[in-house]
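What follows is a single structure, written as structure tokens, with notes after it.
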Amino acid sequence: MLREFLIILFAITGGFVVSGLVSSFYRLVTNQAGDFKLGAKTHVGKALSLGFIAVAGPTVLFQNAYASRRKSGTPKGQFAIACALVLFWSFLLGLFCLNILIAAS
């Protein structure tokens, strides 16, 4: 039971870390914060944007929810739902990364 809980916790934190790294790299390269917009004009650009959203999404979603909570005081329930989505998304991303690491070794 404890082993499974630790694997889940590791997957969540690992997914959020990967998301943060990709989001920070995007910010470093483009000098703008990540968002959920598909601003690209070409199919390749749109595919890269979707890939970015899929990987950096938990960090972008949490940053937006936290900023909205601080600025306009959105209800705690909406913030809790956003945090739950971030946790689940990070978990899925972490499982995907763990599967890649296990397959590579």
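The values are calculated or read from the model by the stated rules, or taken from the named source; none is laboratory data. As the structure is a computational prediction, the values presented were derived from the model and not from experiment. Positions of Cβ are generated from backbone atoms using ideal geometry, with glycine treated the same way; all protein chains shown enter the neighbour counts.
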Any idea which of Ala56, Ala47, Ala84, Ala80 is surrounded by fewer than 14 Cβ atoms within 10 Å (Cβ to Cβ), out of contact with any Lys or Arg (no Cβ under 6 Å at 6 or more places or on another chain), hydrophobic (A, V, I, L, M, F, W, C) and closer than 22 Å to Gly14 by Cβ? Ala84
When only residues in the range 56-101 that are of a type in the set (Val, Ile, Thr) and closer than 23 Å to Lys37 by Cα count, which is modelled with the lowest pLDDT? Thr74
Restricting the range 22-59 to residues that are charged (D, E, K, R) and outside any helix (DSSP H, G or I), which is nearest to the chain's Cα centre (by Cα)? Asp35
Criterion violated by Ile81 - all others in (1) under 11 Å from the mean Cα position of the chain (by Cα); (2) not in a loop (DSSP other than H, G, I, E, B) satisfied: (1)
